[in-house]
Amino acid sequence: MSFKTALTKVKKLESQDVIIQTRTVGNAVMYQFNMESKQAYHIDKLINEIATRRIKKAIKAGIKHQPA
């Protein structure tokens, strides 16, 4: 994904109140999920579910660390 595309998507998520700007460090703008947003809540839940499944799969396979 190009920087321009990512910036467009971030601005769209911000306009929908899915993410909120938390601070600026130098030229870098920091964001976090707005957990009061139903969309952000469900995205966070999906991320956690995917991570949990990957961990369970790695444990079952006997792998301690699996690169992304």
Of the residues in segment 7-43, those that are assigned to a helix (DSSP H, G or I) and polar (S, T, N, Q) come to Thr8, Ser15, Gln39
Item checked: Flag if Lys4 is assigned to a helix (DSSP H, G or I) and exposed (fewer than 10 other Cβ atoms within 10 Å of the Cβ) -> yes
Residues of segment 26-35 being modelled with pLDDT under 95 and either of a type in the set (Asp, Glu) or more than 13 Å from the chain's Cα centre (by Cα) (or both), in sequence order, are Asn27, Ala28, Val29
Of the candidates Gln39, Gln32, the one satisfying the condition of being among the polar types (S, T, N, Q), surrounded by 10 or more Cβ atoms within 10 Å (Cβ to Cβ) and touching a Leu at 6+ places or on another chain (Cβ under 9 Å) is Gln39
In segment 32-54, anything farther than 20 Å from Lys11 by Cβ and among the β-branched types (Val, Ile, Thr) is listed as Ile47, Ile50, Thr52
Take Ile47 and decide whether it is outside any helix (DSSP H, G or I) and either under 13 Å from the mean Cα position of the chain (by Cα) or among the acidic types (Asp, Glu) (or both). no
Point to revise | Check on Lys56, exposed (fewer than 10 other Cβ atoms within 10 Å of the Cβ), among the charged types (D, E, K, R), part of a helix (DSSP H, G or I) and out of contact with any Gly (no Cβ under 6 Å at 6 or more places or on another chain) | key: no
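The values are calculated or read from the model by the stated rules, or taken from the named source; none is laboratory data. Keep in mind that what you see is a predicted model, and the values were worked out from it rather than measured. With ideal geometry, Cβ positions are generated from the backbone for all residues, glycine too; neighbour counts draw on all protein chains shown.
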